[in-house]
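No value in this document is a laboratory result; all are computed from the given coordinates. Only a predicted model underlies this, so the values are computations on that prediction, with no experimental measurement involved. When we count neighbours, we look across all protein chains shown, and the Cβ atoms used for this are built from the backbone with ideal geometry, even at glycine.
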Amino acid sequence: MRRTLAGVALAVTSMVALSFLIPLALLVRSEARNQAVTGAEQRAAALAPVLTLTADPAELRQAVSGLDPNGRLGVHLPNGQSIGSARAPAAMLLRAQQEGESLAQGLPDGGWVYLQPVVLGQGRVAVVEESLPKAALAQGVTVSLTVMALLALGLVLGSVLVADRLAARVVHSSRGLSRAARALGRGDLESRVEPNGPPELLEAGRAFNAMAERMLELLAVERELVADLSHRMRTPLTALHLATDRMPPSPDASRITAAVAQLESELHAVITAARTPLAVGHMGAVAAGDGGPARAAVLCPAPEVVRRRAGFWATLAEQQERRCLVEVTGEDAPVDLPEDDLAAVVDALVGNVFRHTAPGTAFAVRLTRAAQLVLLTVEDAGPGISDPDGALVRGVSTESTGLGLDIARRAAAATRGTVAIGRGPMGGALVSVTFGLSAPPPRRGALNRRRGRARRARG
């Protein structure tokens, strides 16, 4: 950018300098010629009074040399004798003598000649000649053009230097703003920029700092709201604990007790995360390949987790007379997610089926493995989702917060996966979540063999 601005300044200044330099050079050349011609005419006119006083060749020769020591002045007497310069063509000289008019004409070598007739007594006519060589017509032009060229060069160099300094300020400010923006994108919320440079970049730097401060305020408010909501939920959770303690032993009581314990565990995790300043949980992290902060690799056996959570929901489905189909691949399908996060995705998607469909509605949970991905699908036989695109945007739906699908979307993004909503074979909604397949870490023996091959290649 700096070189571009300097190049633009050089091109613009050069064009401006040339647009003034060329006409000025022509004007200087014309003015130099006019001055030389005027001087020649004045010297020729100064010799006319001498001719009216005397026609003696010696006196005329002395007068000519006094007026013009360069030998450009001459006199043509009526008797045909010439004193001094005699470069005028014969036809031009004859015409001046016969017509008695002053004549001027260019010479073949680029010079110039001027003839001034002087009428003497008894009808005789003498002609004063002043000739100028080509160099005399352009005397001083070279010096003037050199001075103008140096001034133009100085102007161009000065403008380029000024443009380079201004460009350096712009580039420095832009790079500082870019570095701060990248740091903020990586999760460094303390990143700020020192506003400087032109007024536009100065305002942009101030706006960036204000945006970063506002982000900190919003995150602090969000943490406070989450912590407050979590603490409010402790009261009904305690009441559930007391209610389960009074229930007689039965399979249903055991399931309810386990569900309450899990709810308490999840609530404790939420409170802990909310109390951590600027905490970013697994579900909020962005994959390192997308420019977000790097996250430690955690291999999760997806079939085992999905099978376990589907079994939990299958028990609840029996109570509501829902037909539940669970199909889980028997292959190894590790994904780069903590088990709790993958379990949260299954619970969120199946929980949406229980919340938004009537009891007795069938649903299916499937987990399959492809070459480089793991596909989790949850479908039901309900009415489906009327606005699939809007359902993926949290807060758009008027019937729910959209948190379930948001959990699935963030978990998929953490493994470079996607979420899609459509209509399945059962006639209702079909939610497909793809996770990137994680490669298991190499065993120590394979790693040592790989290092040995690398060393031999370098050797």
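Suppose R0 equals 45 Å; then what is the FRET efficiency for MET215 and ALA358 from their Cβ-Cβ distance, rounded to the nearest 0.05? For MET215 and ALA358, the calculated efficiency is 0.60. Between ARG206 and ARG87, residue separation times 0.36 nm minus the direct Cα-Cα distance comes to 34.8 nm. The simple spin-label model puts a point 7 Å past each Cα toward its Cβ; for THR368 and SER65 those points are separated by 12.0 nm. A Förster distance of 56 Å, applied to the separation of the beta-carbon atoms of ALA135 and ASP164, puts the FRET efficiency at 0.85. Across the stretch 135-209, C-alpha contacts under 8 Å between residues 6 or more apart give a mean separation that, scaled by the residue count, equals a relative contact order of 21 percent. Full extension of the chain between ALA420 and ALA45 yields a length gain of 124.6 nm, computed as 0.36 nm times the residue separation minus the alpha carbon distance. Measuring r between the beta carbons of GLU327 and SER250 and using R0 = 35 Å, the FRET efficiency lands at 0.70. Relative contact order of the stretch 170-211: 37 percent, from C-alpha pairs under 8 Å at least 6 residues apart in sequence. Put in line by how crowded their Cβ is, counting other Cβ atoms within 10 Å and starting with the fewest, ILE22, ILE385 read ILE22, ILE385. Sorting HIS172, HIS356 from the fewest to the most surrounding beta carbons within 10 angstrom yields HIS172, HIS356.
Note on ASP56 and GLN98: the model spin-label points, each 7 Å out from Cα along the C-beta direction, lie 3.5 nm apart. Backbone amide hydrogens, once placed in the peptide plane, bring VAL365 within less than 5 Å of LEU325, VAL326, GLU327, excluding anything fewer than 5 places away on its chain. When both the stretch 54-95 and the stretch 135-189 are represented by their alpha-carbon centers, they are found 60 Å apart. Between LEU225 and ALA314, full extension at 0.36 nm per residue minus the direct alpha carbon distance yields a gain of 28.7 nm.
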